[in-house]
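Undergrad: One structure is given below, represented as structure tokens, and several questions about it will come after.
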Amino acid sequence: MTAIDDLLQRHIVGPDLGAPDVPTPVPSLHLAVVTCMDARIKVFDVFGLKHGEVHILRNAGGVVTDDVIRSLSISQRKLQTREIIVMQHTSCGLAMITEDDFKDELEQDTGLRPPWAIEAFREVKDSVRQSVERVRRSPFIKYTDNVRGFVYDVRTAALEEVH
């Protein structure tokens, strides 16, 4: 059985009943969270979330890329979010690679060098600051007064605000 087959079976016997009590795609807290795709981060648990409260955007590193700006623009302009959390974390895989080495690896394997940035970083707090600034400076993000950045410690579950 593949992992996908396993998950499909879990869905059949699991507790997911959809979201019949959430009639709209507008998140009730009017908040979007940008975070990493790392499987150790359970965003609902980190913030004690309920279905329908926030938009959650995930990618490698939890960095603010052009696609994240695209999603945040839609989230704010069409779905009424007004606040943004950028949350990256300790022991991130992006801190363990370098931009050039990974692009070299991809080019060796495929014959093509990727045009997109890997967004590798050494210091997670610096990466959070950069992502927060990208949000604040984007002409497409309408509400930037309440954009805050955090580092989540995957070992202790501590959440530290980055200024």
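Undergrad: Which entry in (i) 1.31; (ii) 1.15; (iii) 1.19 is this structure's computed Cα Rg over 2.2 N^0.38 Å?
TA: Looking at Cα Rg over 2.2 N^0.38 Å for this model, the match is (ii).
Undergrad: Given the DSSP H assignment, sum -39500 (n - 2.57) over each helix run of at least 4 residues in the chain and divide by its residue total; what's the result at 222 nm in deg cm²/dmol, nearest 500? Please list the in-between numbers first.
TA: Numbers: 5 runs with 56 residues, N = 163.
Computed ellipticity for the chain at 222 nm equals -10500 deg cm²/dmol.
Undergrad: Need one number: % antiparallel among DSSP beta bridges in the chain, to the nearest 5.
TA: 20 percent
Undergrad: Same structure, new question: Once each part is reduced to its C-alpha centroid, what is the distance from segment 60-86 to segment 95-111 in angstrom?
TA: Distance between centres, Cα-based: 27 Å.
Undergrad: List the residues whose amide H sits under 5 Å from the amide H of Gly149, counting only those 5 or more places along or on another chain, with H placed 1.01 Å from N in the peptide plane.
TA: Val86, Val162
Undergrad: Would you mind ranking Leu7, Leu159, Leu112, Leu94 by Cβ crowding within 10 Å, fewest neighbours first?
TA: Starting with the residue having the fewest Cβ neighbours, the order is Leu112, Leu7, Leu159, Leu94.
Undergrad: With each pseudo-label sitting 7 Å past Cα toward Cβ, what's the Arg155-Ser138 distance in nm, one decimal?
TA: My value for the distance between the label points is 3.3 nm.
Undergrad: Right, next: Identify the GluC sites (Glu not before Pro) of segment 59-149 meeting these criteria: DSSP loop state and at most 13 other C-beta atoms within 10 Å of the C-beta.
TA: For GluC sites (Glu not before Pro) across segment 59-149 that sit outside H, G, I, E and B with at most 13 neighbouring Cβ atoms in 10 Å, the list reads Glu123.
Undergrad: For the chain, what is the relative contact order in percent, using Cα pairs closer than 8 Å and at least 6 residues apart in sequence?
TA: Here the relative contact order equals 23 percent.
Since every read-out is calculated from the coordinates, none of them should be taken as a lab result. What you see is a predicted model, and the numbers here were worked out from it, not measured in a lab. No Cβ is skipped: glycine too gets one built from the backbone with ideal geometry, and neighbour counts run over all protein chains shown.
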